[in-house]
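Engineer: Just passing along the structure, written as structure tokens.
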Amino acid sequence: MSAAVAFLFMTPDTLISAYRAAGQGQVFAFWDALDAAARAELAAQAAEIDLAEVERLNRALVFQAGGGGVDLADLEPAPCTRLPENGGRADEWAAARAAGEAALRAGRVAAFTVAGGQGTRLGYDGPKGTFRVTPLKGKSLFQVFAEKIRAAGLRYGRPLHWFIMTSHANHAQTEEFFAAHRYFGLDRGRVHFFRQGRMPAVGFDGKILLEGRGAIALSPDGHGGSLRALHRSGALDLMRAEGVDTISYFQVDNPLVRAVDPAFLGFHLLAGSEMSSKMVPKAYPEEKVGLFCRQRGRVAVVEYSDMPAARQRETNPDGSLRFAAGNIAIHVLSRDFARRLAAGGGEVALPFHRADKKIATVDAAGQLVKPGAANGVKFEMFVFDALPFAANPLVIETSRAEDFSPVKNAEGVDSPATARDDQLRQFGRWLRAAGAEVATDASDRPHAGIEISPLFGYDLDSFRSRWAQLPVKPVVVDGLYLE
Ligand code: UTP
């Protein structure tokens, strides 16, 4: 039984004693001034925390300058499967696609979206998945994914299960949003929401911070927390009962993502891989993406911030970048691998990372203080840290223009404006490939505001076959919507 689970059965007195014994008695500094409801709430939050884990993280990450550093010895680029147009074998891609399609027809695949992030950079008030992102209809990110998942279910004759990880902060709003939109036409029995875990923030002295007199500063435990949460929520059991053994993982912020990609799934399944990842070649040496590397026989992602500038610029004899495979956070995981990692223990637990943040916290008088500079540490797990534990991990190239345009910032790079333009370019490319005339600017962006519903076509292939069936081909003008 973990410490946190044991705490659930403790009386407040024993809980307080345990916190005092761990040097964390400040969590209950205002206990005497709280009413019964506030006490119950604080006790419940305190019971959620594994004090031994906090102690371990304090020692490993907080008290140690630099957080222990990252081992970059023996680092080489991870082997990658290239796209056919970049030297990959077309016959292998065709075989992979067929294998992925067979798995989809057999109902072995579930979609999985991690949507528990705080989305602070976007600064949007609401769950990020409810953000309106498409160029013409202003569909939300959730609607875009829902339509892709529905379209794949129709195409392969097996509706997919869709698992959505939320946070404590956005869970209720996310569920309400889906209910209000009637699950965007999906079978509501196949859309599953569950909350991710939380971790307490600590000061630089390792003390757990309060964000109110009766409230611990808790925040989501990172997208890596998805593995624990899949397990704890019963999602993995449900998958097993439904014959799902393959999980198509993607983030909530990427409207271009091929939510289920037959070729990617097929490579993963044919290789008996436990975890596979999509990569795009870095656009320029300093691009801020994690890099797929191999170290002493294991595949791992090294974050750009941990990669010295000189290594980021290393080149191959032909002048191309040596460390070029950028991580775009699209993975396939086997269900059993997720379970093994979630169960954790010993050698197979995801590590936590330290992030120094400004954390609003109460002072000794119980007044809320908003700091001007970082005053504490949050702990997060990253899903890509699962890769070194995976058997036969694969890294598969994809086309950035067809798979990746995240909404991270309010303005500038990776913003609603760039995602909108990238969607327009994709629609324009598909239309042109099908023979339509599309006027574009120098950046290939169509002049006309157009949109293609994923239910009409969610990749070039499905788009082309549907387009071919149209008895009269529409002219590409402002306002053209195909569904
Ligand atoms: P980001 O790293 O972009 O973080 O998450 P974020 O919290 O959404 O945004 P910022 O940094 O505060 O601006 C990448 C993906 O991982 C999910 C996010 O919802 C997004 O889909 N995520 C992140 C979680 O599900 N849980 C987390 O604890 C963190």
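Values in this text are rule-based calculations from the coordinates and carry no lab data. Computed from a predicted model, the values in this text were never measured in an experiment. Neighbour counts run over all protein chains shown; Cβ positions are idealised from the backbone, glycine included.
Engineer: Determine the relative contact order of segment 429-475: mean sequence separation of Cα pairs under 8 Å and six or more apart, normalised by residue count, in whole percent.
Structural biologist: Numbers: 25 pairs, mean separation 15.7, N = 47.
Answer for segment 429-475 is 33 percent.
Engineer: Same structure again: When the helix-only estimate is applied to the chain (DSSP H runs of n ≥ 4, each -39,500 (n - 2.57), divided by the residue count), what is the mean residue ellipticity at 222 nm, nearest 500 deg cm²/dmol?
Structural biologist: On the way: 15 runs with 146 residues, N = 483.
For the chain, the value works out to -9000 deg cm²/dmol.
Engineer: Under a point-charge model restricted to the Cβ atoms of Lys and Arg (+1) and Asp and Glu (-1), what is the dipole moment magnitude of segment 378-433 relative to its Cα centre, in debye to the nearest 20? Working shown, then result.
Structural biologist: Numbers: 7 positive and 9 negative charges, 45 e Å.
Dipole magnitude for segment 378-433 comes out near 220 debye.
Engineer: Continuing with this model, one more query. Cross-link candidates for residue 128: which lysines have Cα within less than 17 Å, leaving aside residues fewer than 8 places away along the same chain?
Structural biologist: Filter leaves 139, 408.
Engineer: For residue 140, which sequence-distant residues (separation of 5 or more, or a different chain) have an amide H within less than 5 Å of its own amide H, given hydrogens modelled in the peptide plane?
Structural biologist: Amide H to amide H, under 5 Å and 5 or more residues apart or across chains, residue 140 pairs with 133.
Engineer: In whole Å, what is the distance between the alpha-carbon centres of segment 427-444 and segment 116-185?
Structural biologist: Between the Cα centre of segment 427-444 and that of segment 116-185, the gap is 28 Å.
Engineer: I need the calculated FRET efficiency for the pair residue 40 and residue 391, taking r as the beta carbon distance and R₀ as 35 Å, to the nearest 0.05. Intermediate results must be reported in sequence, preceding the final value.
Structural biologist: Details: r = 45 Å, r/R0 = 1.29.
The computed FRET efficiency comes out at 0.20.
Engineer: Just to check I understand the Karplus step: with θ = phi - 60° and J = 6.51 cos²θ - 1.76 cosθ + 1.60, what whole-Hz values come out for segment 439-444, glycine and proline as x?
Structural biologist: Couplings: 7, 10, 8, 5, 8, 6 Hz.
Engineer: Would you give the gap between the C-alpha center of segment 209-226 and the C-alpha center of segment 320-353, rounded to a whole Å?
Structural biologist: Between the Cα centre of segment 209-226 and that of segment 320-353, the gap is 23 Å.
Engineer: Taking H placed 1.01 Å from N in the peptide plane, check which residues at least 5 places from residue 376 or on another chain put their amide H under 5 Å from its amide H.
Structural biologist: 357, 359
Engineer: How high is the relative contact order of segment 341-424, in percent, with contacts defined as C-alpha pairs under 8 Å that are six or more residues apart? Could you put the intermediate results ahead of the total?
Structural biologist: Numbers: 83 pairs, mean separation 16.9, N = 84.
Averaging sequence separation for qualifying contacts and normalising by length gives 20 percent for segment 341-424.
Engineer: Which order results if 161, 231 are arranged by neighbouring Cβ count within 10 Å, fewest first? Intermediate results must be reported in sequence, preceding the final value.
Structural biologist: Details: 161 25, 231 18.
The fewest-first ordering by Cβ neighbours comes to 231, 161.
Engineer: In debye, nearest 20, what is the charge dipole magnitude of the chain about its Cα centre with +1 on Lys and Arg Cβ and -1 on Asp and Glu Cβ, if you could check?
Structural biologist: Working: 56 positive and 56 negative charges, 137 e Å.
The calculated dipole for the chain is roughly 660 debye.
Engineer: If you don't mind, another one. Within 9 Å, Cβ to Cβ, of residue 219, how many net charges do the neighbouring residues add up to if Lys/Arg are +1 and Asp/Glu are -1?
Structural biologist: Net local charge, residue 219 excluded: +1.
Engineer: Output wanted: per-residue J couplings in Hz (rounded whole) for segment 224-234, from phi through Karplus 6.51 cos²θ - 1.76 cosθ + 1.60, θ = phi - 60°, x for Gly and Pro.
Structural biologist: Going residue by residue, I get x, x, 4, 5, 4, 5, 4, 6, 4, 6, x Hz, with x marking Gly and Pro.
Engineer: For segment 119-203, state which chymotrypsin sites (Phe, Trp or Tyr not before Pro) are in a DSSP loop and have at most 15 other beta carbons lying within 10 Å of their beta carbon.
Structural biologist: Answer in residue order: 124.
Engineer: Starting from the Cα of residue 370, draw a straight line to each of the lysines and keep only those under 19 Å, dropping any in the same chain fewer than 8 residues away.
Structural biologist: 207, 357, 358, 378
Engineer: Give the aspartates and glutamates reachable from residue 288 as a straight Cα distance under 14 Å; neighbours fewer than 8 places away on the same chain don't count.
Structural biologist: Residue 288 reaches 303, 306, 414.
Engineer: Further question on the same structure: Given H placed 1.01 Å from N in the peptide plane, which residues other than close sequence neighbours of residue 196 have an amide H under 5 Å from its amide H?
Structural biologist: 166, 167, 168
Engineer: What ³J(HN,Hα) values, in whole Hz, does the Karplus curve 6.51 cos²θ - 1.76 cosθ + 1.60 give for segment 447-463 when θ = phi - 60°, with x put for Gly and Pro?
Structural biologist: 3J(HN,Hα) across segment 447-463, in whole Hz: 5, 7, x, 10, 7, 10, 5, x, 6, 7, x, 10, 8, 4, 4, 5, 4.
Engineer: Rank 377, 476, 87 by how far each Cα sits towards the positive end of the charge dipole of the chain (+1 on Lys, Arg Cβ; -1 on Asp, Glu Cβ) and give me just the farthest.
Structural biologist: With unit charges placed on the Cβ atoms, the residue in question is 476.
Engineer: Between residue 188 and residue 22, 0.36 nm times their residue separation minus their Cα-Cα distance comes to what? Don't skip to the answer; put the middle values down first.
Structural biologist: On the way: separation 166, 0.36 × 166 = 59.76 nm, distance 4.48 nm.
Difference between extended and current length: 55.3 nm.
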